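Student: Please read through the structure below; I'll follow up with questions.
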Amino acid sequence: MKDNRPVFKTIRNSAIIKNPILFEAIGLCPVVAIAHSLKLAVFLAVVSAVELIICEVLASKFLKNVRRYWRVALYTIFGVALIFPTMYVVDRMFPNISANFGVYLPLMAVNSLIALHCERVAVKNDVKTSLIDAVSSSLSYGVVAIIVGLLRELLANGTIWNHSLNIPFR
């Protein structure tokens, strides 16, 4: 029988003990600035997850023998390579979301969450451990962002996903 304790330990550390927003305050600025509705919070969570997962797996696979100062620059290049096509697609398909993201979508290319997790986990572990860390960190980041977006939309507008709930307070 296979021992799953290292997997659960990685998930616990990444998602709960070292929750990017709640305990490390990393990536807090985009959540505060962007997640004022459930729709924007979900989009922020998805973009952040895709970027973190891809960057962390690439760092684990290819950057272990690269000097640290070069690795940090490469994380930025990975981020830019992922965010700019995302910006183009969002701008073309979802102009309202693009307008709400403003400067924060391009700034996600240099997200400190990426550099921290790549340096802390990816370059020190195998691809599987890095992937588990990236997924669990992304999920915990996304959960907090979605809760913030949901509460802000509900309390400010009395809506969820732009559907009115006809609640008596705002």
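The values are calculated or read from the model by the stated rules, or taken from the named source; none is laboratory data. The structure displayed is predicted, hence computed values, not measured ones. Positions of Cβ are generated from backbone atoms using ideal geometry, with glycine treated the same way; all protein chains shown enter the neighbour counts. We work out accessible area using only protein heavy atoms, side chains counted, and drop any ligands, DNA or RNA first. Shrake-Rupley method; radii C 1.70, N 1.55, O 1.52, S 1.80 Å.
Student: So which residues in the stretch 114-141 are β-branched (Val, Ile, Thr) and touching a Phe, Trp or Tyr at 6+ places or on another chain (Cβ under 6 Å)?
Tutor: The answer is 114, and nothing else.
Student: What number of residues within the stretch 17-43 satisfy the criterion of being of a type outside the set (S, T, N, Q) and in contact with a Leu (Cβ under 9 Å, 6 or more places away or on another chain)?
Tutor: Final tally of qualifying residues: 12.
Student: Select the helices (runs of 4 or more DSSP H) contained entirely in the stretch 2-98, then report the ones holding at least 2 residues which are among the polar types (S, T, N, Q), touching a residue at least 60 places away in the same chain (Cβ under 8 Å) and open to solvent by less than 40 Å² (accessible area, probe 1.4 Å).
Tutor: 38-62
A quick yes/no check of all residues on (1) hydrophobic (A, V, I, L, M, F, W, C); (2) closer than 21 Å to residue 11 by Cα; (3) touching a helix residue (DSSP H, G or I) at 6+ places or on another chain (Cβ under 6 Å):
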residue	(1), (2), (3)
60	no, yes, yes
110	yes, no, yes
118	yes, yes, yes
122	yes, yes, yes
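Student: Considering only helices (runs of 4 or more DSSP H) fully contained in the stretch 101-168, which possess at least 3 residues that are surrounded by 17 or more Cβ atoms within 10 Å (Cβ to Cβ)?
Tutor: In the stretch 101-168, the matching helices (runs of 4 or more DSSP H) lie at 112-120, 127-157.
Student: When you go through (1) at pLDDT 90 or above; (2) within 28 Å of residue 10 (Cα to Cα) one by one for residue 114, which number turns out not to apply?
Tutor: (1)
Student: Within the stretch 113-170, how many residues turn out to be small (Gly, Ala, Ser) and in contact with a Pro (Cβ under 7 Å, 6 or more places away or on another chain)?
Tutor: 2
Student: Continuing with the same structure: Within the stretch 129-152, track down each residue that is of a type outside the set (S, T, N, Q) and within 14 Å of residue 14 (Cα to Cα).
Tutor: 131, 132, 133, 134, 135, 139, 141, 142, 143, 144, listed by residue number.
Conditions (1) more than 16 Å from residue 137 (Cα to Cα); (2) within 13 Å of the chain's Cα centre (by Cα), marked per residue:
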site	(1), (2)
15	no, yes
21	no, yes
28	no, yes
35	yes, yes
55	no, yes
64	yes, no
